């Protein structure tokens, strides 16, 4: 497949979205190892590895899920060593990397890897064909691996050996003497418990198998991605034994691994979970294979052709991986895989795209309601724990992004009673806390705008630090947080008006007007046609960053339409790339065009030119508000989205990465799957198809207008 290009004449080209590697691709080791896949359990955990099932990260494994009583993940089961045996000859299917070598080299028999509808590998060993498939069942701390065999199987034994890690997902382990060597087998399974204070791991299988205790340490496994990122990249893993199966008369075999309890009938669970996954894909508008097959039309008709439909289907399926429930059934959003958990700011930026853009109104409301018990002094957690006491409140803007998610939910048709009775009091408490002053040095100044942070603390999304010092100092009054503050005041004014609260309407209107006057006076740079990034009484930072675009996109805005138009025009020239928006204009002396190297080098580039995909959705919204909801604008939005088509085939396959280089060819970096990246692309696609009405009613041009009027749900 050829990547689509962005031009100014044609609609997106009709190219299929693929998620497969053929044999010639699999034999190019560097190429195949740079392609990763993801399966999630809906509980905050996941399985992930490369297209060769050879781990290159410390996070790669088959069961990596939050440990009991914590939001942090533990990697329990790393992988299986798999090989066929006939007499004394062995034919490996699995693959590992050690210092200076690959062993075993199971990729030599690999014919094809494909990701849809779930990870699947096809091998050929002589005349014998083997298929391996992996599914992580929703709602279980488990993994299912199905093997299918066709061809001559006489005198062939299939041997499988589990490799366990039992460590914090961020850490590495070396051989030690604290592991328990015994395991207890039962009919069609075995219970493993390497550590008495950790959950047991139960393996069960669908055919007769013979378990043999044979404890071994696998030494010096090497993770190339960790070494390239400047982290330690070698560890040892423990294997308690091996299970063997005779393939005579065996056409398929399902291995189930689960924490604390076994899966008594792995084949039945496989059948039910595979059916469920197919129904999820159908609910996304197409059969799973429609992502790969050019001949299968999507159920969703768009003016942009079949490739557009396939891309939307792929992103909708990808979105499911970020939605989860904790051990108390509280719904939330995982910020990214493989190393992020539930982050507040990421959740509320991503929520409209992950839910409302996919018609999931009820789920959006449920996630927003679940956040209310975590509200503390006007703040919501930057990092969610198992409860508010276990959470980290280091984000000044998470609560403001929560407000934006609430009004998005409101405009999408949420019940008026719920908005007024549950969310309006919460939003008023946030505003009052800021007016009175709260943690993170947050306070409303004499001009009616929010200041926050310090020389040591960046409390917005540009929060990278090196040696305890912010790389992108933003102490003072950041431009996007104050646009969100203004929007909160304007929204509260509207809620008061809708409820007939004249006193409340007058109160919030006065605060809004004061903030609006100060906003334009402090931030607007007339000669540049852009907004300053940060204002304080000591200085005004005029850096050109995407934060101005975020401000220009909001339906409640202190900006005029002319200001929005100038901002979009400048951003289109300086910041827009085929992968999103740069975090700093290239002509700035501090610009870093490559996101690479060790942690310090990457942190220095993180918000100093590195491209982030998620602001693209806001750029598209700002473009619609500035230039009008026309076919030409929608086409331009569609073309900006299709720039990601090729990326869906690489890095985290069928996912959108966290960041990209600022300089061409904009190589991917950071997490292989980021919630707000996927979410804002879905929202951009929604705007290309339906304009502003698809995301909210359009605001009037004047900053003094009351703002958008919501679409009401039936009561």
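Here are the numbers for this structure:
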{"item": "Candidate set: the range 577-590, residues that are in a strand (DSSP E or B) and surrounded by 23 or more Cβ atoms within 10 Å (Cβ to Cβ); chosen: the one nearest to the chain's Cα centre (by Cα)", "result": "580"}
{"item": "Boolean, residue 354 is modelled with pLDDT of 95 or more and surrounded by 24 or more Cβ atoms within 10 Å (Cβ to Cβ)", "result": "yes"}
{"item": "Qualifying residue in the range 591-610 (condition: touching a residue at least 12 places away in the same chain (Cβ under 8 Å), part of a strand (DSSP E or B) and surrounded by fewer than 24 Cβ atoms within 10 Å (Cβ to Cβ))", "result": "no"}
{"item": "The range 351-380 residues that are more than 24 Å from residue 428 (Cβ to Cβ), paired with ones that are outside any helix (DSSP H, G or I) (beta carbon under 6 Å, 6 or more apart)", "result": "363/355"}
{"item": "Residue check, residue 481 buried (at least 18 other Cβ atoms within 10 Å of the Cβ), assigned to a loop (DSSP other than H, G, I, E, B) and touching a residue at least 40 places away in the same chain (Cβ under 8 Å)", "result": "no"}
{"item": "Only listed residue being in a loop (DSSP other than H, G, I, E, B) and touching a helix residue (DSSP H, G or I) at 6+ places or on another chain (Cβ under 9 Å), chosen from 43, 52", "result": "52"}
{"item": "Some residue of the range 106-117 being under 23 Å from the mean Cα position of the chain (by Cα), within 26 Å of residue 166 (Cα to Cα) and modelled with pLDDT of 95 or more", "result": "no"}
{"item": "Enumeration of residues in the range 455-473 that are in contact with a strand residue (DSSP E or B) (Cβ under 6 Å, 6 or more places away or on another chain) and at pLDDT 95 or above", "result": "460"}
{"item": "Any strands (runs of 3 or more DSSP E) falling wholly within the range 144-245 and containing at least 2 residues that are in the same structural domain as residue 274 (by TED's automatic domain parsing) and under 18 Å from residue 338 (Cβ atoms)", "result": "157-168, 210-222"}
{"item": "Residue ID - nearest to the chain's Cα centre (by Cα), chosen from residues in the range 150-183 that are farther than 27 Å from residue 221 by Cα and surrounded by fewer than 21 Cβ atoms within 10 Å (Cβ to Cβ)", "result": "150"}
{"item": "Residue, farthest from residue 317 (Cα to Cα), within the range 621-663, restricted to residues that are assigned to a loop (DSSP other than H, G, I, E, B) and free of Cβ contacts under 8 Å to residues at least 40 places away in the same chain", "result": "628"}
{"item": "Matching residues, the range 91-100, being modelled with pLDDT under 95 and on the phi < 0 side of the Ramachandran plot", "result": "99"}
{"item": "Any pair with Cβ under 6 angstrom, 6 or more apart, that starts in the range 253-268 at a residue that is buried (at least 17 other Cβ atoms within 10 Å of the Cβ) and ends at one that is assigned to a helix (DSSP H, G or I)", "result": "254/266; 254/267; 254/270; 256/266; 263/269"}
{"item": "Identity of the residue in the range 322-338, within 10 Å of the chain's Cα centre (by Cα) and in a loop (DSSP other than H, G, I, E, B), that ends up farthest from residue 141 (Cα to Cα)", "result": "335"}
{"item": "Among the residues listed as 137, 162, 199, the single one being touching a helix residue (DSSP H, G or I) at 6+ places or on another chain (Cβ under 7 Å) and either at pLDDT below 95 or within 25 Å of residue 72 (Cβ to Cβ) (or both)", "result": "137"}
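The values are calculated or read from the model by the stated rules, or taken from the named source; none is laboratory data. Small disclaimer: the values here were computed from a predicted structure and weren't measured. As a convention, Cβ positions derive from the backbone with ideal geometry for all residues, glycine included, and neighbour counts pool all protein chains shown.
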